[in-house]
Amino acid sequence: MAPWPEVDKPETNNYIGDSSKQNQNMAGKEGENHKGNVASLGNKGEIQPAFSTIALIDETRPEEDPWALPELQDTGVKWSELDTKGKIIRVLYGIGKFILLLGLLYMFVCSLDVLSSAFQLVGGKAAGDIFKDDSVLSNPVAGLVIGVLVTVMVQSSSTSSSIIVSMVSSTLLTVQSAIPIIMGANIGTSVTNTIVALMQAGDRNEFRRAFAGATIHDFFNWLAVFALLPIEVISGYLYHLTNVIVESFHLESGEDAPELLKVITDPFTKLIIELDKSVINAIATNDESAKNKSLVKVWCVTETNVTLQNVTISPSENCTSPEFCWTDGNVTWTLKNITETDYIRKCQHLFANSDLPDLAIGLILLALSLLVLCSCLVMIVKLLNSVLKGQVASVIKKTINTDFPFPFTWLAGYLAMLAGAGMTFVVQSSSVFTSAITPLVGIGVISIERSYPLTLGANIGTTTTAILAALASPGSTLKYSLQIALCHFFFNISGIILFYPIPFTRLPIRMCKTLGNITAQYRWFAIFYLLVCFFLLPLFVFGLSLAGWPVLLGVCLPLLALFIAVIVINVMQKKRPHSLPEKLQNWDFLPIWMHSLEPWDNIIMSSLAFCGKHCCGFCKCCKVNAEQEGAKDNQLKTMEVYENTVTMADEERGGRRAPAGASIDKTGTNNTAL
């Protein structure tokens with residue numbers, strides 16, 4: 001290897017120069033030939049200061065806000081650059097994409113309907129059995145978690161509300177005891193869009209926004225319950241308010257409430273499955289004969305006839321009217337009204353002639369509906385990403401997310417709330433509306449701040465639908481169904497008053513962003529959150545409530561106090577750490593697994609890697625991902641190379657290398673040195 005050029009009287013300034021001088025040298029030598037510079041270096045035998053033509057990696061770059069809406073730029077050919085044929089083709093493509101989007105949305109809504117039916121087949125009878133225990137339902141906390149569990153099991157707040165109305169009208173449940181169950185149903189209905197958000201876990205930032213946009217509904221419902229349930233238990237303000245409203249009107253049974261979306265989806269969903277929901281109501285009202293009935297409807301057209309017939313009775317039985325009783329030997333006869341049902345036409349759905357039990361049919365429909373739901377959602381997101389680009393995306397984002405000028409800035413949120421209520425009234429389901437806007441939040445069309453009032457409007461819209469449905473109830477259940485629907489309505493209004501008008505009180509926005517950041521880093525935490533909030537925690541509280549008030553209060557009160565204390569300490573650690581004792585200024589005194597998700601993430605990832613070794617497809621997928629990550633790292637490392645005239649001169653002379661002691665510190669000053 002050739003020796004390095006000797007340098008007489010080396011000085012530090014020859015190696016490390018001022019950055020301003022480097023810039024002057026760069027400007028002066030901009031037009032010179034690079035090889036000439038290398039030759040001059042070899043002749044003079046002195047090493048000039050090195051410089052770089054690209055920014056060093058240690059320069060502080062402004063951190064990108066992960067919650068900022070991305071710019072969906074149009075990468076295609078501009079409209080003005082297209083010829084007539086190209087413009088016609090683009091218009092036809094646009095019309096085709098719009099029709100495809102409508103078809104996917106239709107299948108998406110139908111899959112949600114079938115998913116609800118599948119959950120009712122799997123857990124509908126169990127939900128009816130839960131409602132049978134009157135002693136448990138009188139406990140407001142138990143009633144709350146029962147409302148959550150039943151609504152999650154049947155995937156429909158309207159179904160759980162109809163069960164409650166049936167029980168109240170049958171005097172098995174009082175309206176006061178039904179109010180906590182309605183609050184729980186309000187929480188349980190938000191599980192659908194949380195499940196939908198899991199389908200966008202492929203892209204980290206999309207998943208961050210989508211999961212936050214879905215769980216903002218959860219946090220609002222939980223906070224409203226924590227604030228309003230104690231007030232209702234103490235004062236009963238919802239019961240008294242709705243009772244005054246109901247008593248002040250002379251109510252009469254009306255026509256059936258309009259079901260705008262059902263008119264469109266029923267022709268398709270009724271070809272797949274039809275349910276007899278009266279079976280769940282019968283089980284909840286202690287009808288023993290309903291336990292052996294199937295939820296799958298077999299006969300769609302029936303006719304009930306009541307006839308007066310001669311029937312035999314036991315001799316000991318007294319006749320209500322002696323003139324209608326007579327004796328023929330040892331047999332006593334009487335006249336009674338006999339109800340007979342004539343089965344006219346069978347249903348046409350897939351399982352009308354099936355001998356499978358309800359559980360098997362429910363599991364089949366659950367798997368198929370989840371498959372269709374996920375497929376439709378993935379295709380909808382990809383289609384929206386291809387459509388919402390350039391000027392179209394900017395117009396939509398400005399229309400939805402822009403606030404009015406001062407002093408009317410506050411008005412935009414309330415208009416969004418009205419829009420959410422109107423859209424929910426049209427589709428007749430808050431789950432459908434919130435599940436539809438979740439992918440829009442994920443791809444960055446709707447901001448988190450704007451999705452909050454839209455979700456609150458959806459909560460109001462679904463209660464107005466329930467009020468209309470209550471007005472169409474039979475006379476025997478009209479009063480109770482309307483009062484329960486009004487309780488649901490005023491509960492949501494009270495929650496909005498608490499957690500929306502003042503920006504400081506919009507806690508669900510900050511809470512969902514925190515959860516979004518956690519789930520973007522640890523994606524398994526989303527499933528953990530879903531299981532804990534909607535299954536494990538309600539089941540835990542329900543089990544304690546079965547043991548009685550002393551056990552429930554003895555366990556839950558200390559845990560609740562500990563939870564509140566941890567939240568307060570966390571807030572003070574961020575805002576005013578010096579006000580806390582030195583030991584509480586951070587959580588380092590605890591084991592790391594108690595204040596960090598990193599150890600849990602390592603365990604889960606290593607478990608998945610171990611399981612992946614037994615699955616060829618998973619291993620190939622991991623290898624492809626690893627190769628892609630490695631390619632990205634190599635690309636980044638390539639961009640970190642600095643141009644150095646001495647190194648280039650060595651390469652020209654045959655690949656001379658620097659001694660082992662010579663190194664370049666990438667994290668130090670902007671100037672590089674040997």
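Could you sort 208-221, 520-533, 453-466 so that the peptide with the highest average Cβ count within 10 Å comes first and the rest follow in order?
208-221, 453-466, 520-533
Calculate the spin-label point distance for Phe268 paired with Asp403, positioning each point 7 Å from the Cα along the beta-carbon direction, and give it in nanometres.
The modelled label-to-label distance comes out at 4.0 nm.
Report the calculated FRET efficiency for Phe610 and Leu370 (r = Cβ-Cβ distance, R0 = 41 Å), to the nearest 0.05.
0.95
Working out 0.36 nm times the residue gap between Ser248 and Ser596, then minus their Cα-Cα distance, what length gain in nm do you get to one decimal?
119.6 nm
Out of residues 5 or more away from Val296 or on other chains, whose amide H comes under 5 Å of its own, with H placed 1.01 Å from N in the peptide plane?
When sequence neighbours closer than 5 places are left aside, the close amide H contacts are Asp276.
Once both labels are modelled 7 Å past Cα along the beta-carbon direction, what's the Asn586-Ile234 spacing in nm?
Here the answer is 4.0 nm between the modelled labels.
So for the pair Val568, Tyr343, with labels modelled 7 Å out along Cα→Cβ, what separation do we get in nm?
According to this spin-label approximation, the distance is 6.4 nm.
Using unit Cβ charges (K, R positive; D, E negative) and no other charged atoms, how large, in debye to the nearest 20, is the dipole of the range 548-609 about its Cα centre?
Computed charge dipole of the range 548-609: roughly 300 debye.
So, by mean Cβ neighbours within 10 angstrom, what's the order for 144-152, 269-277 with the highest one leading?
So the order, starting with the most tightly packed, is 144-152, 269-277.
Which cross-chain or sequence-distant (5 or more) residues have an amide H under 5 Å from the amide H of Ile273, H modelled 1.01 Å from N in plane?
Those lying under 5 Å, H to H, from Ile273 are Leu350.
Hey, any idea what % of the range 548-609's accessible area is carbon plus sulfur with a 1.4 Å probe?
72 percent
Karplus couplings for the range 441-452 from phi (6.51 cos²θ - 1.76 cosθ + 1.60, θ = phi - 60°), rounded to Hz, Gly and Pro as x?
Karplus-based 3J(HN,Hα) across the range 441-452 equals 5, x, 7, x, 7, 10, 7, 4, 4, 8, 5, 4 Hz.
Across 5 Å bins from 0, what is the distribution of all Cα-Cα pair distances for the range 548-609, in whole percents?
In order of increasing distance, the bins hold 3, 15, 14, 16, 15, 14, 13, 7, 2, 0 percent.
The values are calculated or read from the model by the stated rules, or taken from the named source; none is laboratory data. Given the structure is predicted, the values throughout are model-derived calculations rather than measurements. Note that each Cβ is placed from the backbone with ideal geometry, even for glycine, and that neighbours are counted across all protein chains shown. Areas reflect the complete protein model, heavy atoms only, side chains present, ligands, DNA and RNA absent. Shrake-Rupley method; radii C 1.70, N 1.55, O 1.52, S 1.80 Å.
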